[in-house]
């Protein structure tokens, strides 16, 4: 005999939803800014650095040296958001730095034309990178590393190993050392670029599509997003911003010499990855990146003024990069797992 | 002999086969409770498995069956309950994966945990340890043992073959043999199969389950968790059905129909899973038509779909079902063929153009082709309407959330809110979000590729209702599916494809599921029986 009775279905099905408490989430989002403030405060009171660290002059140095690195990190952000690396950004910036100087000193061109030509060169490097990666499906890692070596080699040939310091329009150097309310003008320029980058990444279909591509390129194609085109554009934008960073670097430093740009690139990458642990944890984002750049600059400056040797800043940058990558990888993975 | 009870959790009412003593039971869990952050996942649930039987644990997503399995595996701690395995009481406090292993539970999950590039014998040895001889490995001893095991489990394969080279059902069988390799006269084991057929095609899962059945006939106790009711029905002795963390049905030694099980699982929602019985909304206005479509596996297809019509496309794997949809959606261009959408020629160069023309596609492989796992539900929904949403140079997040909230409501998505991560939802709810993503664009032509694959019964009912609603509002719908029960329930008219051509056209109500099945299968045995179909 069979007798089955089933209770009526309830109208709702309850599902366990994992939710991080708000306080924890806030703490996660703002841990990096908080840490930056703490590190700043620490060096203000640390006996070895307390004399020279908390001065207006030092703050200006921190923000000035920070500006160029922050610009490169914003450049790196665009390809990174769609999951592509660009290792040529440092070399790209060095290229525009050298070429702007070179156009003026070697070829006697006016300042504006030198800058425009350099920016075109920087953008072209992005176009070529994007072509290799999106059209020929080459590994972005190897492609941009190769590009970086190529650029460094060509620059060595162009400069003959010398530092270009003469024949540079003094207007550019005046611009580079201008301060407003004690803070270098270049820092405000970086903030302006950051604002633009924030706008493009979060408030345009282009930026939103980059995040979608980074999340799932196949699905992005299937919701009608122009994946190839937008990834290519991300390399072009990165090339342009890195080019601009090189011009600013020349304005700040007043001279240019060939190099592979590693001293610019690696702190910048550390800043981007640190940035992915803040504000919007697990995602590369503009304001996190800026805070990451400030954090790196504050720490390096504090270490230097406490009497640490030159190698200390390299060690710090290395540790910061590793820790940042570890943290942002962990956060990203836990997002995907759900 | 049948004995079915409704179990509102009363302790003594756990049925066993009449006359069974407790020692006939392999596994008994009773009064199982589990809370997740204040949500009841299990409420006085129970599960009683008899020795030497195949026992199916069924239920929709969120019903608590996965939670129960995870508690048994020692992955989640239970809040309360009693557990007996082979007459031995186990304390659920301090119960760990190691206890589960020791008590005789062996789990084979959907992800088999095999090393694809290593040989079968190495996969066995990596689990149980390499047998040693002197300073080296006793390869010959290992091979002898593995060969014997493979024969026992009806696997006619070389132990040296890499896992990758095996057919899918054999891979699962290897995983089962590996899990049970230390079973002997002294230790009985319980095999727990967690969605074993989810990644298998229909005929592969049949092959697998037949062998599992024969293992049970020889005394193996098996517990199966599966979405695919029909397969489970064929092999199981007993059934336990969960809903909302409670036991809503226990069927011992019975052979219920699929409909009856669905009824127990879904309760009132079951109505949506049946054919509506009328070709409700379809009228004679053609929305989309194609002639001479060729490309990929598709070798010349013509058809027309009308306003409000739900057209089914079915056929075996490789018949070209999905390819037809992909070509219409502009994923790749057909070699030849003329398409017409709403009276105008239609030849999309990419997905964007197809979307602009009012076409939408819900792809087959949700995880790979439609999910942005690390983004929120609201963001996932907005991605198909980015440029439409962009107003005055800004992306209006607040409006996106409001839209998301409305869609969550309309499509019955069970989720915390628009800001919940896509990955936090169950498969059925993810699929509803993907469907909602496209329906908000109000497409004229909706293409659905396996719309309820990996989706639980409750969500399937909701999804069917949404599809019917879309058709009722005038949308032309094409459903490509290998699930003939789905085709039968949903479609006004069905085209059967075989080797890239249409071989049959079936109107709703003229054939039942078995009739459709034989139409589809016949094409395999008598190829080109219908050289060219005549229709429209």
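The values are calculated or read from the model by the stated rules, or taken from the named source; none is laboratory data. All values reported here derive from a predicted model rather than from experimental measurement. Glycine gets a Cβ as well: all are built from the backbone with ideal geometry, and neighbour counts include every protein chain shown.
Within the range B:426-434, the presence of at least one residue that is within 14 Å of chain A (Cβ to nearest Cβ), surrounded by 20 or more Cβ atoms within 10 Å (Cβ to Cβ) and in a loop (DSSP other than H, G, I, E, B) is confirmed. Restricting A:43, A:53 to those that are part of a loop (DSSP other than H, G, I, E, B), more than 14 Å from chain B (Cβ to nearest Cβ) and either crowded, with 17+ Cβ neighbours inside 10 Å or at pLDDT below 90 (or both) reduces the list to A:53. Listed by position, the strands (runs of 3 or more DSSP E) inside the range B:1-65 whose residues that are at pLDDT 50 or above, touching a helix residue (DSSP H, G or I) at 6+ places or on another chain (Cβ under 9 Å) and not assigned by TED's automatic domain parsing to the domain that holds residue B:266 number at least 3 form an empty set.
Exactly one residue out of B:343, B:337, B:352 is more than 28 Å from residue A:331 (Cβ to Cβ), more than 9 Å from chain A (Cβ to nearest Cβ) and surrounded by 15 or more Cβ atoms within 10 Å (Cβ to Cβ): that is B:337. In the range A:162-201, of all residues being free of Cβ contacts under 8 Å to residues at least 60 places away in the same chain and not in a helix (DSSP H, G or I), the one that is farthest from residue A:152 (Cα to Cα) corresponds to A:181.
Checked against (1) assigned to a helix (DSSP H, G or I); (2) more than 11 Å from chain A (Cβ to nearest Cβ); (3) in contact with a helix residue (DSSP H, G or I) (Cβ under 6 Å, 6 or more places away or on another chain), residue B:418 passes all but condition (1). Looking at the range B:68-75, is at least one residue outside any strand (DSSP E or B), within 31 Å of the chain's Cα centre (by Cα) and exposed (fewer than 15 other Cβ atoms within 10 Å of the Cβ)? Within the range B:68-75 (the criterion being outside any strand (DSSP E or B), within 31 Å of the chain's Cα centre (by Cα) and exposed (fewer than 15 other Cβ atoms within 10 Å of the Cβ)), the answer is yes, since at least one residue qualifies. For residue A:281, the criteria (1) surrounded by fewer than 20 Cβ atoms within 10 Å (Cβ to Cβ); (2) at pLDDT below 90 hold in every case but one, which is (1).
Scan the range B:173-194 residue by residue and report those that are under 23 Å from residue B:26 (Cα atoms), assigned to a helix (DSSP H, G or I) and under 24 Å from the mean Cα position of the chain (by Cα). Those that are under 23 Å from residue B:26 (Cα atoms), assigned to a helix (DSSP H, G or I) and under 24 Å from the mean Cα position of the chain (by Cα): B:173, B:175, B:176, B:177, B:179. Which of the residues belonging to the range B:381-415 are more than 12 Å from chain A (Cβ to nearest Cβ) and assigned to a loop (DSSP other than H, G, I, E, B)? Across the range B:381-415, the qualifying residue is only B:411. Taking the numbered list (1) outside the structural domain of residue B:400 (by TED's automatic domain parsing); (2) buried (at least 22 other Cβ atoms within 10 Å of the Cβ); (3) modelled with pLDDT of 90 or more in turn, residue B:452 passes all entries but (3).
Against the condition more than 26 Å from the chain's Cα centre (by Cα) and not assigned by TED's automatic domain parsing to the domain that holds residue B:66, how does residue B:429 come out, does it pass? So residue B:429 does not fit the description; no.
Residue pairs whose Cβ atoms lie under 8 Å apart, sitting 6 or more positions apart in sequence or on different chains, and linking a residue in the range A:281-310 that is within 14 Å of chain B (Cβ to nearest Cβ) and at negative phi to a partner that is modelled with pLDDT of 85 or more and assigned to a loop (DSSP other than H, G, I, E, B), are A:283/A:276; A:283/B:374; A:284/A:276; A:285/A:276.
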